[in-house]
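The values are calculated or read from the model by the stated rules, or taken from the named source; none is laboratory data. Just so it is clear, the model here is predicted, and its values are computed rather than measured. Reconstructed Cβ throughout: ideal geometry from the backbone, glycine too, with neighbour counts over all protein chains shown. Note: accessible area is taken over every heavy atom of the protein model, side chains too, but ligands, DNA and RNA are not part of it. Shrake-Rupley method; radii C 1.70, N 1.55, O 1.52, S 1.80 Å.
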Amino acid sequence: KMPEMIQLVIFGGTGDLSRSKLIPGLYKLYKRNSLPDQLSILGLARSFSSRKAYLQSLEQSLKEENPEIYTKESWNNFKEYLDYLQMDFTEDIGYNKLYHHLNDQEGNQAGRHCIYYLATAPEFFPMITENLKEHRLSKSREPGWPRLVIEKPFGYSLSSARDYNSQICQVFPEENVYRIDHYLGKEMIQNILTMRFANMFFEPIWNKHYIDNIQIVSTETSGIKTRGKYYDNAGALRDMVQSHLLQMLALITMESPADMSTESIRQEKIKLLKTLADSPSLGDLRDNLVIGQYKSGIIGDRTVPGYQDEDNIASNSRTETFAAVKLNINNLRWRGVPFYLKTGKRLHKKSAKIYVQFKDDFHPALSKDKNPEANLLIIKIQPEEGVSMQFNAKEPGSQDKITSVFMDFCQQAPDLQNTPEAYEELLLALFKGDQSLFTHWDGVKNSWLYIDKLRDYIEANRLEPEKYNPGSNGPTSSEEMLNRDGRRWWDEE
Ligand code: BG6
């Protein structure tokens, strides 16, 4: 149930994330009539001296980045929800201002729920939460509950994540901490458990006896844009695999939960990620990990810079913009089944899909020379949303030819490229207090354990990322990794 009075406080109110995801997400919720009755959104930032200037700048961004949803009239109505406070969150005095600002507001005392949204770099999380505590802003006021929302990346390794977490948890208990992984807000990712457990024909064959391999792929055409400073310390393993790809993996492979409550689902995901962290690969990591970095090149009629020439990137940077890994889940259901994960920037297409390839133990008379194709189940996350099944059928009119056919379920076909849709879902869940779309510390911890093993291997062996052309499929070693296993990536034509 949605509480009536919510005070949303955004740290980093003028940052990239607020402009491109949060404000558009809130604006769309407003247009859908889905905002809480009494919501007040307070943006905090240093740069603007007045609410008016702040609102103008947000409006400008919305117009530019999301022209299809912007109208002057609805913006004018929506902006009534928005307030602004000029504040430097690294300074003590700012929190005093914030305290008074919140307390001066009508209706703040009784039953107003406060949500602090940290749309800032993770190194500020402990400092901000500590200050919220010092200034009595994190105190629970019945029936209100202060909640804390934190964006990824949550740390750069297990040890930094653990430090941040222990400091945050001294102020906010786990049940009030909402860690964002925006992939969990995507429609088809939310659909995975329903598909698996509300259909008779998936669960019985969802195991090593019937599944040959699973591929989880999220590729992008864009480069690192203006995020050089952040990205050069992160790289694809930390930026995408640790969070989005492992969350997808957990949902696809976890055991059946006792019920569909947040707690039960989280427990199963955590167990799965722990199994992964305990025994990450099917052999030597040398054969199971490929990292790459994009070169400069031509895409369409445009020359794009190589990674090392991007702003704020060292000219000898070894940061990976591409990663492909083969991993193992050592439990009864999955032992021996390879899972291939792949992600990268400046690749041939923007797409996220999960490919479940079944074994090809067909009737001997129908295999070999008839060349039947693999049975594939494709969960399409973006840009299209839906499910597609590839299977074999007789070619119409022929006696014995086999042809592969597709059965498609299309959820919807909006034109979405990194749209705020996922954020709308996450914001709604946040207002309602539904933590199922947010990650639990134990899951994050186990994901870092796994990523740390890969990173340690890279550092210990001074692994150099393999250069690849923009607009390509990435490093050739990634194809070779699958070819060695007699397989291929299904996203590559
Ligand atoms: C973010 C990463 O979490 O996800 C970005 O930090 C990446 O580097 C983005 O571009 C991809 O999200 P989406 O929704 O466009 O697939």
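At-a-glance table
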item	result
Which listed residue, of SER222, SER264, SER256, is more than 16 Å from the ligand (Cβ to nearest atom), open to solvent by 10 Å² or more (accessible area, probe 1.4 Å) and assigned to a loop (DSSP other than H, G, I, E, B)	SER256
From the options ASN199, ASN165, residue that is in a loop (DSSP other than H, G, I, E, B) and either open to solvent by 30 Å² or more (accessible area, probe 1.4 Å) or more than 16 Å from the ligand (Cβ to nearest atom) (or both)	ASN199
Extreme residue, nearest to LYS342 (Cα to Cα), among residues of the range 225-240 that are part of a helix (DSSP H, G or I) and more than 11 Å from the ligand (Cβ to nearest atom)	LEU237
Qualifying positions in the range 272-293 - at pLDDT 90 or above and among the small types (Gly, Ala, Ser)	GLY292
Flag for VAL217 being over 30 Å from GLY433 (Cα atoms), modelled with pLDDT of 95 or more, open to solvent by less than 40 Å² (accessible area, probe 1.4 Å) and more than 16 Å from the ligand (Cβ to nearest atom)	no
Condition met for ASP442 (part of a helix (DSSP H, G or I), under 27 Å from GLY155 (Cβ atoms) and free of Cβ contacts under 8 Å to residues at least 60 places away in the same chain)	no
Looking only at the range 169-196, and only at residues there that are among the acidic types (Asp, Glu) and more than 16 Å from the ligand (Cβ to nearest atom), the one that is nearest to LEU426 (Cα to Cα)	GLU175
Candidates THR343, THR321, filtered to the one that is farther than 30 Å from GLU255 by Cβ, open to solvent by less than 30 Å² (accessible area, probe 1.4 Å) and not charged (D, E, K, R)	THR321
Residue check, LYS349 outside any strand (DSSP E or B), touching a helix residue (DSSP H, G or I) at 6+ places or on another chain (Cβ under 7 Å), open to solvent by 50 Å² or more (accessible area, probe 1.4 Å) and not aliphatic (A, V, I, L, M)	no
Residue count for the range 32-48, restricted to those that are open to solvent by 50 Å² or more (accessible area, probe 1.4 Å) and assigned to a strand (DSSP E or B)	1
